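Notes follow the structure.
Readers should treat all values here as calculations from the given coordinates under stated rules, not as data from a laboratory. None of the values given here were measured: they were computed from a predicted structure. Please note: Cβ atoms are built from the backbone with ideal geometry, for glycine as well, and neighbour counts cover all protein chains shown.
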Amino acid sequence: MNMIINETLRLYPPVSAMSRNVSRDVQLGKLIIPVNMEVMVPITALHHDPQLWGDDGHLFKAERFAEGIAKATKYNAAAFIPFSLGPRSCVGMGFAITETKTALSMILQRYIITLSPAHIHAPFPQPMVQPKHGLQVMLHSLQSDA
């Protein structure tokens, strides 16, 4: 379940970008970023970057996380930041992951989930990424009608 949740968060992070203020002058190659400059971190672009995730980075492949996050990111902590990173990371991360696991466990004990024939893959970045056309899935009960 961890692999599926992590791959979902990689492809569809809760927020598509975050901003940070530079606390001191920083030099990146020939570029100098001055103190107090606001820098945007495009999380969705980072999570789809072929240099980090390979040419299939746009595809859902939960097995990327089979050996954990560190191995999936080649030990680059900044390559996977669905809840940000460091001291300003999301305080609700642990709760969100636990809640997701609990909800998925309860649903998967009762239903098989399939995509609707009308499904159109169209993620829509608002403040939080969501499907543009709603959640187009069908739930098939595992309970017998007897």
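Backbone phi angles across the range 14-30, fed through the Karplus curve with coefficients 6.51, -1.76 and 1.60 (θ = phi - 60°), yield HN-Hα couplings of x, 10, 7, 7, 9, 10, 9, 9, 6, 8, 7, 4, 10, 10, 10, x, 8 Hz in residue order; Gly and Pro are listed as x.
For Q130, the residues whose amide H sits under 5 Å from its own are F124, ignoring neighbours fewer than 5 places away on the same chain, with H placed 1.01 Å from N. Annotation: amide H of M18 within the under-5 Å range of V41, I43, sequence separation 5 or more or interchain, hydrogens built in the peptide plane. A cut-off under 12 angstrom between Cβ atoms defines the neighbours of E7, and their net charge, with Lys, Arg +1 and Asp, Glu -1, is +1. Here's how it looks for S89: its modeled amide H is under 5 Å from none belonging to a residue 5 or more places away or on a different chain. Remark on the range 1-143: ratio of C-alpha radius of gyration to 2.2 N^0.38 Å is 1.22.
Compute the length gained on full extension between R24 and M3: take 0.36 nm times their separation in residues and subtract their Cα-Cα distance, giving the result in nm to one decimal.
Extra length available between R24 and M3 comes to 3.9 nm.
Annotation for the range 1-102: trypsin sites (Lys or Arg not before Pro) lying in DSSP loop with at most 10 further Cβ atoms inside 10 Å of their Cβ are R24, K30, K74. Applying the criteria of a DSSP loop state and at most 11 other Cβ atoms within 10 Å to the chymotrypsin sites (Phe, Trp or Tyr not before Pro) of the range 28-104 yields Y75. What the Cβ-Cβ distance of A77 and S144 gives, at R0 = 30 Å and to the nearest 0.05, is a FRET efficiency of 0.05. Our estimate of slack between F95 and H48, defined as 0.36 nm per intervening residue step minus the Cα-Cα distance, is 14.4 nm.
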